[in-house]
Structures are given as C-alpha cells and as structure tokens.
C-alpha cells in the first residue's frame, strides 16, 4: 500500500521532469542578454527637469522619507528658482509620491533604469546636474502615459516558450 501511495507521485514527478528536460530553456543569460522591463516601472533613480520645475517644493513635502532637500530663492523676475536640490537614494523607497505631487506634471520623473548600485553610500546622494536626464538615465512611463508610449514593449519570458504558455 505504501508503494502505491508514494510510487504514483514519484512516477508523475519523474514524467514531468523528463518532459521538460528536452524543451528549449526560457532563461536569459544576464548581463549579456537583458530583458525590457515594464514601461511603467519605478526605477532606482529620480530624474529632475530644471527647465519645467517651478521650485514649489511639492516633491520634497510629499516624500514620506524626507530624502529630497530643495532650497529655493526669488529671482530678478520675482519667480521662485531652485538653488539646490539634493536627493539621497540611500533613503529613497521609490514610492513615486514625489512624481505624483508635482503640479507641473513633467518636472520630476522616476527613471526606467533598475540597475543602480554603489560601493560607497556617499555616491547615492545626487544633486543638481547629477539629477538631470542623460543617456544612462532614461525616463520611465510611471505616471506619464505620454512617455510610456515611446518606451520599448516589455519582454516576457512566457513568450519564449514553444506555445506561449509557461507550463505546457
């Protein structure tokens, strides 16, 4: 009775293993082959747009951690301008509340980049020009549907299988 009870399960497990033994693997060889992440991903950096920022500090007030520090002053035209903005990415939880709080709508973005690591904590504190858009920091479509349309479509491992189903 014991063999009948446990033998069937082992036989089914071995049959399933044998079935998947000869199918094409669906894994990727990272970092040589990289997948496209979701267009609306909340990346590991914040991108600041100096030209559209009105220096209202709404992003700094909305941050639940307080990792955004912004100092402003009045310019010759009596409008607010940003003197210094500093973001500590060692504290940031990438919640996106700063992006959602921006009244302008396109002054602060989360990045599309999800690979960001440093050996020294001091390199995680960025300010002013370091926060601007660059070739290494691409804007994410999070909370920005117009940007989302321009990003590449997400790569799914499920599409690499023979019939498009992961557990055939």
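The convex hull drawn around the Cα atoms of the chain, when projected onto a plane and averaged over every direction, covers 15.5 nm². Could you work out which residue, out of 118, 130, 153, moves most in a Gaussian network model of the chain, that is, has the largest mean-square fluctuation with Cα springs under 10 Å? Of 118, 130, 153, the Gaussian network model singles out 118 as fluctuating most. All Cα-Cα separations within region 23-117 were binned at 10 Å from zero, giving a P(r) of 14, 40, 24, 13, 6, 2, 0, each value a whole percent of the pairs. Principal-axis analysis of the Cα atoms of the chain puts helix 2-21 at an angle of about 60° to the longest axis.
For region 73-113, the share of alpha carbon pairs falling in successive 10 Å distance bins from zero is 22, 45, 26, 7 percent. Taking label points 7 Å from Cα along the Cα-to-Cβ direction, residue 81 and residue 122 give a separation of 3.0 nm.
Packing-based ranking of 97-110, 62-75 yields 97-110, 62-75, ordered from highest to lowest mean Cβ neighbour count within 10 Å. When the chain is treated as a GNM with alpha-carbon contacts under 10 Å, the residue of 12, 79, 137 showing the greatest mean-square fluctuation is 12. The residue 74 and residue 133 beta-carbon pair, evaluated with R₀ = 41 Å, returns a calculated FRET efficiency of approximately 0.95.
Just so you know, all these numbers are worked out from the coordinates, no wet-lab data involved. The model shown is predicted, which means the values in this text are computed figures rather than measured ones. In this analysis, Cβ positions are derived from the backbone assuming ideal geometry, glycine residues included, and neighbour counts consider all displayed protein chains.
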